[in-house]
1. What single numbered condition from (1) under 21 Å from residue A:25 (Cα atoms); (2) under 24 Å from the mean Cα position of the chain (by Cα); (3) open to solvent by 10 Å² or more (accessible area, probe 1.4 Å) fails to hold for residue B:271?
2. From the list B:140, B:82, which one is on the phi > 0 side of the Ramachandran plot, free of Cβ contacts under 8 Å to residues at least 12 places away in the same chain and open to solvent by 30 Å² or more (accessible area, probe 1.4 Å)?
3. For region B:121-137, what are the residues that are more than 9 Å from chain A (Cβ to nearest Cβ) and open to solvent by 50 Å² or more (accessible area, probe 1.4 Å)?
4. Being touching a Lys or Arg at 6+ places or on another chain (Cβ under 8 Å) and modelled with pLDDT of 95 or more is true for just one of B:141, B:83. Which residue is that?
5. Going residue by residue through region B:225-235, is there one that turns out to be within 22 Å of residue A:149 (Cα to Cα), within 27 Å of the chain's Cα centre (by Cα) and at the interface with chain A (Cβ under 10 Å from one of its Cβ atoms)?
6. Among the residues of region B:248-261, is there at least one that is more than 13 Å from chain A (Cβ to nearest Cβ), in contact (Cβ under 8 Å) with a residue 12 or more places away in the chain and open to solvent by 40 Å² or more (accessible area, probe 1.4 Å)?
7. Go through A:34, A:24 for me and flag whichever is surrounded by 14 or more Cβ atoms within 10 Å (Cβ to Cβ) and modelled with pLDDT of 85 or more.
Amino acid sequence: MQAAGPAPGALAHAPPSLRFAWMGEAALLCDPSGSHLSDAIQQRIWTLADRTIDLPFVRDVVPGMNNFLVLFDPFLVTREELERRLGEIWRGSGAAVRAGKTHEIPVVYGGRGCEDLPFVAEQCGLSIEDVVRRHAASDFMVYALGAHPGFGYLSGMDPRLATPRRAVPRTRVEAGSITIGGSQSGFVACTSPSGWHIIGHTCVCFFDPHAQSPTLLTPGDHVRIIVEDILS
Amino acid sequence: MIAVLASGPLTTIQDLGRRGLLRSGIGRTGAMDRRAFALGNLLLGNAPDAAGIEVAVAPLVVRFEADTAFAITGGDCRATLDGHPLPPWWAGLAREGQELVMPPPRDVVFAYLAVGGGIDVPQVLGSRSTDLRGRFGGYDGRPLAAGDRLRNFGADQKSGIESFSPLGFGVVPPPAFLPDAAEDETGTLVRIVAAAEYPWLSPEARMALEHTGWIVARESNRVGYRLDGNALAMPGRREIFSSGILPGVVQLPSSGQPVVQMSDANTCGGYPKLGVVIAADLGRLAQVQAGQAVRFRVVTQAEALEATRAEQTYLAKLARQIAKIRAGGVPQ
């Protein structure tokens, strides 16, 4: 991921300011998000992560979906100072562009284990075929990794497919599941609990802890779905 | 060598967990009661990140195939060595051939077995903790089972424990020394720092959050503790974008029943966040058994840091006293 200079159409004016909130006594959530996900904001968040990870009082950084979590040593820096430094870096981060890879992911939609496809279709007022067509045609970009090892939070899902998360999360969703949660889509990399809706499945491996590079996806990568089948 | 004769699905190798990998979706994992775990290593003079065994729900039975220094911490296990009862929070020297039986604790959820030098399994991504979801780390990424054989790093060393007493020595359990939060009739007190969506709670819900005796649900596990009580109202609730989250975060799904993410927490989540359990209290929450009650209290960062300082002071003082004992002296 090389910074290649400001992106065309990047935020020429000052970016939206960061809203800060505690995530416990030693972490701060920074949130510039608006009502819709913005690629330009996400680019800036990746730059913010790159420029804060090596600060002496920073323990870890977690880019999220148009937001940013900073873990810090509370005995080395106050919240006020941290907010000041982060705000400074945020305003100074021109929207550098990450040139990521494109991954082609074959997917089988519906069938056993993908029982939420009819529910999503009904919620969205679409046929199952329409849901599949719109989902597979989406231009997915990896915004962040999270939820479990190697899980890519993807932007670019067709907004017609947005479905609120389940009221009660499932305790077990299989690795390889293709899911929808709110306005986002994701590929489950490890069998784990999830509150998202399962609509399809892929055999691609997104996480190997013993590999040189344990995660397949990196923020800035693109994902293109190849529809293998639609099962009922 | 240490031979595992009996184990259960919640008994795993843990240390203090993985750091610096949250942005790859790789969570911290590690011991659920970090203070009890740390005390085991302190008792044996181990490095703080030496790996041990976390025991819950089912008994752990091991046979030591060589003289091995060991320590048991976390709760009232009624552990026995060759049938002889051991006090809780105790360190001793097992002789070759002796069998240790560690039932799950009666009063809390997790107990810890530390051994001299720590358990020798490969580090994966910087830690020996078991990541059950990713199926890596610890013992092949899974709970221990009968038939497993473990090595410890300190196998060739005498630990010095027998120089103090042939029966070993112990510590007074931490709650007696740390004067902070305690139980009252509503339940175990757990302090939280208010988080981003706390303001979305109705005033009545904010009162209810801190005055309800939340019951730990049976489905609770290392990933999260579900809490049962009257649903909390969050008027104007809306879908939010996923963000990084940490162990201790108290989330509120639309059911209105809070869920607290624990050691095996997701690294990102999209449910509204009411608060985060302070570091000093997360182990206390972890040790609340299913069916028992928990009560929240919203505190400031300053109060949270004070609690952490108090715990660090306690552990440092204990470390000095233990060092004296192991050197053959009598603690002041």
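The values are calculated or read from the model by the stated rules, or taken from the named source; none is laboratory data. The shown structure was predicted, so the numbers you read here are calculated from the model rather than taken from an experiment. So basically every Cβ, Gly included, is an ideal-geometry build from the backbone, and we count neighbours across all protein chains shown. Side chains included, ligands, DNA and RNA excluded: accessible areas come from the protein's heavy atoms. Shrake-Rupley method; radii C 1.70, N 1.55, O 1.52, S 1.80 Å.
1. Only one criterion in (1) under 21 Å from residue A:25 (Cα atoms); (2) under 24 Å from the mean Cα position of the chain (by Cα); (3) open to solvent by 10 Å² or more (accessible area, probe 1.4 Å) is unmet by residue B:271, namely (2).
2. On the way: B:82 fails: free of Cβ contacts under 8 Å to residues at least 12 places away in the same chain.
The unique qualifying residue is B:140.
3. Looking only at region B:121-137, we keep the residues that are more than 9 Å from chain A (Cβ to nearest Cβ), and these are B:121-123, B:126-130, B:132.
Answer for region B:121-137, where residues must be more than 9 Å from chain A (Cβ to nearest Cβ) and open to solvent by 50 Å² or more (accessible area, probe 1.4 Å): B:122, B:123, B:126, B:132.
4. The match here is B:141.
5. In the first step, residues of region B:225-235 are kept if they are within 22 Å of residue A:149 (Cα to Cα); the result is B:225.
Remaining after also requiring within 27 Å of the chain's Cα centre (by Cα): B:225.
Within this subset, residues satisfying the condition of being at the interface with chain A (Cβ under 10 Å from one of its Cβ atoms) are none.
Checked against the condition, which is being within 22 Å of residue A:149 (Cα to Cα), within 27 Å of the chain's Cα centre (by Cα) and at the interface with chain A (Cβ under 10 Å from one of its Cβ atoms), region B:225-235 yields no hits at all.
6. So far as region B:248-261 goes, no, none of its residues is more than 13 Å from chain A (Cβ to nearest Cβ), in contact (Cβ under 8 Å) with a residue 12 or more places away in the chain and open to solvent by 40 Å² or more (accessible area, probe 1.4 Å).
7. On the way: A:34 fails: surrounded by 14 or more Cβ atoms within 10 Å (Cβ to Cβ).
When all the criteria are applied, what remains is A:24.
Okay, residues lined up against (1) under 28 Å from residue B:23 (Cα atoms); (2) of a type in the set (A, V, I, L, M); (3) surrounded by fewer than 19 Cβ atoms within 10 Å (Cβ to Cβ); (4) within 14 Å of another protein chain (Cβ to nearest Cβ):
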residue	(1), (2), (3), (4)
B:240	yes, yes, no, yes
B:243	yes, no, no, yes
B:264	yes, no, no, yes
B:282	yes, yes, no, yes
B:313	no, no, yes, yes
